[in-house]
Amino acid sequence: MSTQNAFAESGTSPTITARITASNDSERAECRRLMKDGFTVLRRGAPDFFAFKEVDGGMEFCFVEVKNEATDDLSQEQEQYHEALKRCGIPVKVSWYTTVEFKRVEE
C-alpha cells in the first residue's frame, strides 16, 4: 500500500508541508511532479538503519532510529516519516541511549 493510500484510508493527511531541498534540477522537477499528484515529499527524517534477518524461511525487518536520551528528540520530519511508515504497516523502532548504554526501545 502506498503512503498516499494509507493516509487516504485513515481519513487523515500529513500535517507538515515539506520544504523541498533537492540536489539538482531533475530532483526538483520530480519533487514538484509528486507534490502536484498529492504526495507529501520528505527529504529529511529517514530512520538511521534498515535492519532485517531471515526467520522461518521469511524475512523480519524494521527501521530503527537511534537517539541520545539526554540530548535528542525526534524532529518533526522524523515523526512524520515514522508515522507514514507505520501507517503502511512498516515497523519503526526508536532506540534510546545515554552515551553508549542502551536504555529502551519504543515501537
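The values are calculated or read from the model by the stated rules, or taken from the named source; none is laboratory data. Owing to the predicted nature of the structure, the values given are computational and were not obtained by experimental measurement. Cβ: placed from backbone, ideal geometry, glycine included. Neighbour counts: every protein chain shown.
Give the residue, chosen from 103, 53, that is at pLDDT 95 or above and of a type in the set (D, E, K, R). Can you show your working first?
Numbers: 103 fails: at pLDDT 95 or above.
Only one candidate qualifies: 53.
Taken as a whole, the range 87-101 holds no residue that is surrounded by 14 or more Cβ atoms within 10 Å (Cβ to Cβ), without any contact (Cβ under 8 Å) to a residue 24 or more places away in the chain and over 14 Å from the mean Cα position of the chain (by Cα). Of everything listed in (1) under 13 Å from the mean Cα position of the chain (by Cα); (2) modelled with pLDDT of 90 or more, the single unmet condition for residue 44 is (2).
Scanning the range 53-64 for residues that are surrounded by 11 or more Cβ atoms within 10 Å (Cβ to Cβ) and hydrophobic (A, V, I, L, M, F, W, C) returns 61, 62, 63, 64.
Considering each of 65, 54 in turn, give the residue that is touching a Pro at 6+ places or on another chain (Cβ under 6 Å) and not in a helix (DSSP H, G or I).
65
The set of residues in the range 68-107 being assigned to a loop (DSSP other than H, G, I, E, B) and either touching a Lys or Arg at 6+ places or on another chain (Cβ under 9 Å) or hydroxyl-bearing (Ser, Thr, Tyr) (or both) consists of 69, 71, 73, 74, 75, 99, 107. With respect to (1) touching a Gly at 6+ places or on another chain (Cβ under 9 Å); (2) more than 25 Å from residue 23 (Cα to Cα), the lone exception for residue 76 is condition (2).
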